[in-house]
Amino acid sequence: QKKKLLEELGENRLPYMTPGDAGFYQLWKTKYSKLIFRQSDTIPEELHRVVQEAFLTLRKHDCFFRDLVRIKGKDFVTPVSRILVGNPGCTYKYLNTRLFTVPWPTEGYEIKYCNPQINDACKALMQLNDYLHTEAVQALQGQNSSGTKETKDTVVIDREQSFDTSIKEKESILKDQSSCCVSEDDYTRLKNRTSFNLTLLNYMDPLQMLYLKQEPYFGMGDMAVSWHHDENLVARSTVAVYSYSCEGSAVEESNEQNLKGRDPAVWHVGLKVAWDIETPGLAMPLHQGDCYFMLDDLNMTHQHCVLAGFVPRFSSTHRVADCSRGTLEYIFGQCELALQNLQTVSHSMALSLKSLGAAVVKQVEETHNEVEFEWLRQFWFQGKRYLKCTDWWLKPMAKLQEFWRKMEVMTSLILCEVGKEDQAVEQRRETISCLLLVLNERQKLRKEWTAR
């Protein structure tokens with residue numbers, strides 16, 4: 001799709017708008033109404049203080065890491081450094097790389113941090129998570145309310161417009177954004193779609209980067225993160241982002257210039273309707289402590305990118321990750337189910353299998369692969385870096401490794417059994433056929449991981 005779109009464009013660039021353009025607010029209201037913006041001065045000062053301190057603490061302790069991700073069979077190192085913080089035992093997978101949460105302090109869990117400052121940082125991010133959850137519920141309720149009702153969720157005080165527009169006029173332009181309603185008005189559903197279980201923190205200093213990709217469709221300039229939909233999320237869930245750019249003289253100097261388009265010194269979030277060349281794009285400036293929310297299905301219908309400014313920037317991106325297959329609780333449950341097929345023969349203490357049925361063998365061997373490639377290899381591949389924050393994951397990983405060892409024994413036992421001549425031919429053929437598929441996959445993935 002990207003190739004086709006670029007071919008269609010040729011040397012041309014699609015139009016986009018910033019707050020300095022006369023039609024910006026109308027475009028936002030009509031085509032991007034599920035993007036909600038909160039300026040820093042609407043957020044409690046104490047929250048700003050602890051969250052910004054948390055970013056700097058994690059940076060000081062070298063807790064941000066560039067990820068090795070896999071796209072179309074090739075490995076790339078991300079230009080942005082990241083760390084995942086969230087519910088204990090949660091993971092988040094993007095671009096074939098699984099990240100493991102540094103757990104925030106959660107009641108009922110014993111979490112030892114390497115440093116009291118890291119404990120404070122994780123606590124601050126948990127406070128931010130709670131605040132953004134409340135704000136997101138209110139924003140969705142605002143979108144569900146009638147189109148005539150004025151809502152503060154859509155107010156933006158623009159710092160960059162060259163023409164003078166009063167706050168009240170802007171409120172009046174934007175107050176009917178809520179006319180684009182989500183289908184559910186049930187509070188519980190709204191709450192579930194905003195119950196952020198983790199945050200992916202990002203850090204980048206653009207001046208340390210030798211090369212940044214240029215935005216290809218609109219000519220918006222340097223990109224820190226290319227156009228994408230956030231993946232591995234609960235459907236129609238909100239994404240909330242807190243942005244902290246370390247503003248300084250570079251920004252002030254640039255703001256003095258009369259620039260057309262987006263100011264290259266200032267960080268922006270870019271939005272576009274996915275695979276659409278009719279609708280102009282949107283470039284929203286991000287200043288210290290600003291927040292924005294992508295509500296409902298905006299992440300599915302639109303794509304977003306992050307446009308780099310001149311100064312270092314942190315962000316905390318809160319998500320409702322789809323953890324149906326991504327928690328310790330889930331994978332431990334799968335392992336325990338698989339190991340039900342292993343028994344000890346009482347008189348000899350030898351291990352044997354309860355069943356050689358194809359369905360049972362398939363379940364056991366697929367769990368075997370899942371533990372090895374989605375958990376153990378993913379963790380030891382780049383998970384050891386989390387030891388800079390906490391050793392919380394070492395015990396569950398040791399437990400998973402023990403499960404894996406038992407499943408290796410089970411694979412050997414299956415191979416022994418199907419090699420025996422006294423097995424019924426049809427059952428033997430069915431079991432071997434099923435086993436071969438999973439073992440081929442295992443062999444292929446082991447080669448891939450060895451190469452990585």
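The values are calculated or read from the model by the stated rules, or taken from the named source; none is laboratory data. Quantities reported herein were computed from a predicted structural model and do not represent experimental measurements. Here Cβ is always computed from backbone atoms with ideal geometry, including for glycine, and neighbour counts include all displayed protein chains. Only protein heavy atoms, including side chains, enter the accessible area calculation; ligands, DNA and RNA are left aside. Shrake-Rupley method; radii C 1.70, N 1.55, O 1.52, S 1.80 Å.
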Exercise for the section: Of the numbered conditions (1) open to solvent by 30 Å² or more (accessible area, probe 1.4 Å); (2) part of a strand (DSSP E or B); (3) within 24 Å of residue 34 (Cβ to Cβ), residue 300 fails exactly one; give the number of that condition. Expected result: (2)
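Here's the yes/no breakdown for (1) more than 22 Å from residue 229 (Cβ to Cβ); (2) acidic (Asp, Glu); (3) in contact (Cβ under 8 Å) with a residue 60 or more places away in the chain:
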{"residue": "51", "(1), (2), (3)": "yes, no, yes"}
{"residue": "54", "(1), (2), (3)": "yes, no, yes"}
{"residue": "60", "(1), (2), (3)": "yes, no, no"}
{"residue": "68", "(1), (2), (3)": "no, no, yes"}
{"residue": "72", "(1), (2), (3)": "no, no, no"}
{"residue": "75", "(1), (2), (3)": "no, yes, yes"}
{"residue": "84", "(1), (2), (3)": "no, no, yes"}
{"residue": "91", "(1), (2), (3)": "no, no, yes"}
Problem - Test set (1) of a type in the set (A, V, I, L, M); (2) at pLDDT below 95; (3) closer than 30 Å to residue 141 by Cα - residue 350 fails condition number - result: (3)
Fill in the blank from the handout: In the range 164-191, anything surrounded by 15 or more Cβ atoms within 10 Å (Cβ to Cβ) and at pLDDT 70 or above is listed as 190
Practice task
Tally the residues that are of a type in the set (A, V, I, L, M) and either in contact with a helix residue (DSSP H, G or I) (Cβ under 7 Å, 6 or more places away or on another chain) or closer than 11 Å to residue 365 by Cα (or both), restricting the search to the range 410-424.
Solution key: 3
Exercise for the section: Name the residue, out of 105, 44, that is closer than 22 Å to residue 291 by Cα, of a type outside the set (D, E, K, R) and surrounded by fewer than 16 Cβ atoms within 10 Å (Cβ to Cβ). Expected result: 44
Problem - Members of the range 49-67 found to be touching a Ser or Thr at 6+ places or on another chain (Cβ under 7 Å) and farther than 23 Å from residue 106 by Cβ, listed by number - result: 66, 67
Practice task
Please work out if residue 289 is in contact with a Gly (Cβ under 8 Å, 6 or more places away or on another chain), farther than 27 Å from residue 392 by Cα and modelled with pLDDT of 95 or more.
Solution key: no
Problem - Those residues of the range 127-143 which are open to solvent by 30 Å² or more (accessible area, probe 1.4 Å) and touching a residue at least 40 places away in the same chain (Cβ under 8 Å), in sequence order - result: 127, 131, 133, 141
Practice task
Report yes if residue 35 is out of contact with any Ser or Thr (no Cβ under 6 Å at 6 or more places or on another chain), open to solvent by less than 10 Å² (accessible area, probe 1.4 Å), in contact (Cβ under 8 Å) with a residue 40 or more places away in the chain and closer than 24 Å to residue 391 by Cβ, otherwise no.
Solution key: no
Handout entry: Some residue of the range 20-28 being closer than 20 Å to residue 138 by Cα and either under 23 Å from the mean Cα position of the chain (by Cα) or at pLDDT 95 or above (or both)
Key = yes
Exercise for the section: Pull up the range 132-163, narrow it to residues that are out of contact with any strand residue (DSSP E or B) (no Cβ under 9 Å at 6 or more places or on another chain), not in a loop (DSSP other than H, G, I, E, B) and not hydrophobic (A, V, I, L, M, F, W, C), then point me to the one that is modelled with the lowest pLDDT. Expected result: 152
Practice task
Mind listing just one residue for me: the one in the range 428-452 that is touching a residue at least 12 places away in the same chain (Cβ under 8 Å) and within 21 Å of residue 342 (Cβ to Cβ) and, of those, most open to solvent (accessible area, probe 1.4 Å)?
Solution key: 430
Handout entry: Of the criteria (1) surrounded by fewer than 17 Cβ atoms within 10 Å (Cβ to Cβ); (2) at pLDDT below 95, which one residue 79 fails
Key = (1)
Practice task
Scan the range 206-231 residue by residue and report those that are part of a loop (DSSP other than H, G, I, E, B), closer than 24 Å to residue 247 by Cα and open to solvent by 30 Å² or more (accessible area, probe 1.4 Å).
Solution key: 209, 210, 211, 213, 219
Handout entry: Residue identified as open to solvent by 20 Å² or more (accessible area, probe 1.4 Å) and either closer than 21 Å to residue 321 by Cα or touching a Phe, Trp or Tyr at 6+ places or on another chain (Cβ under 9 Å) (or both) among 93, 74, 60
Key = 93
Exercise for the section: Scan the range 2-17 and give yes if some residue there is closer than 30 Å to residue 385 by Cβ and open to solvent by 50 Å² or more (accessible area, probe 1.4 Å), otherwise no. Expected result: no
